[in-house]
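Novice: Below is the structure I would like to discuss, written out as structure tokens.
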Amino acid sequence: MSADTLWRLAQEQSGVTMSAEDFRHWREHHAYTLDEAAAALGISRRMAAYYEHGDKPIPRVVALATQALT
């Protein structure tokens with residue numbers, strides 16, 4: 001298991017950040033495409049896809065930005 005995966009699991013268990021499923025739910029709830037979600041968050045489409053698929057841990061600042069955009 002990679003270090004990124006271990007870090008993400010630890011963060012999810014401690015409730016510090018959002019999960020990939022939560023990110024996907026946020027995006028779909030607001031009817032954003034990946035491109036639109038990325039633009040709203042100020043990140044690249046690729047990073048949004050990584051977050052949504054659980055390939056990269058979602059930084060706290062991105063999780064907070066999703067809350068601010070609701």
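The values are calculated or read from the model by the stated rules, or taken from the named source; none is laboratory data. Computed from a predicted model, the values in this text were never measured in an experiment. FYI the Cβ positions are ideal-geometry reconstructions off the backbone, even for glycines, and counts take in every protein chain you see.
Novice: Is there any pair linking a residue in segment 52-70 that is closer than 20 Å to residue 4 by Cβ to one that is small (Gly, Ala, Ser), with Cβ under 6 Å and at least six apart or on different chains, and which?
Specialist: 52/20; 54/20
Novice: Given the conditions (1) surrounded by fewer than 16 Cβ atoms within 10 Å (Cβ to Cβ); (2) in contact with a helix residue (DSSP H, G or I) (Cβ under 8 Å, 6 or more places away or on another chain); (3) part of a helix (DSSP H, G or I); (4) of a type outside the set (Asp, Glu), report the number of the one that residue 39 does not fulfil.
Specialist: Failing condition for residue 39: (2).
Novice: Would you confirm, using the coordinates I've provided, whether residue 38 is on the phi > 0 side of the Ramachandran plot and either of a type in the set (A, V, I, L, M) or at pLDDT 95 or above (or both)? So that I can check it myself, show each step before the final result.
Specialist: Values: on the phi > 0 side of the Ramachandran plot: no; either of a type in the set (A, V, I, L, M) or at pLDDT 95 or above (or both): yes.
Taking the combined requirement at face value, the residue does not satisfy it.
Novice: Of everything in segment 56-70, what is among the polar types (S, T, N, Q) and part of a loop (DSSP other than H, G, I, E, B)? Give them in sequence order.
Specialist: Here is the first cut: in segment 56-70, the residues among the polar types (S, T, N, Q) are 66-67, 70.
Of everything in segment 56-70, just one residue is among the polar types (S, T, N, Q) and part of a loop (DSSP other than H, G, I, E, B), namely 70.
Novice: Now for a different question. Would you please list the contacts, defined by Cβ atoms under 6 Å and residues six or more apart or on different chains, that run from a residue in segment 1-22 that is touching a residue at least 24 places away in the same chain (Cβ under 8 Å) and surrounded by 13 or more Cβ atoms within 10 Å (Cβ to Cβ) to a residue that is among the hydroxyl-bearing types (Ser, Thr, Tyr) and part of a loop (DSSP other than H, G, I, E, B)?
Specialist: Sorted first by the residue in segment 1-22, then by its partner, the pairs are 11/17.
Novice: Go through segment 10-36 and give me each residue that's in a loop (DSSP other than H, G, I, E, B) and not hydroxyl-bearing (Ser, Thr, Tyr). It would help to see each step written out before you state the result.
Specialist: Quick first cut of segment 10-36, residues in a loop (DSSP other than H, G, I, E, B) only: 15-19, 30-33.
Selection gives 15, 16, 18, 30, 31.
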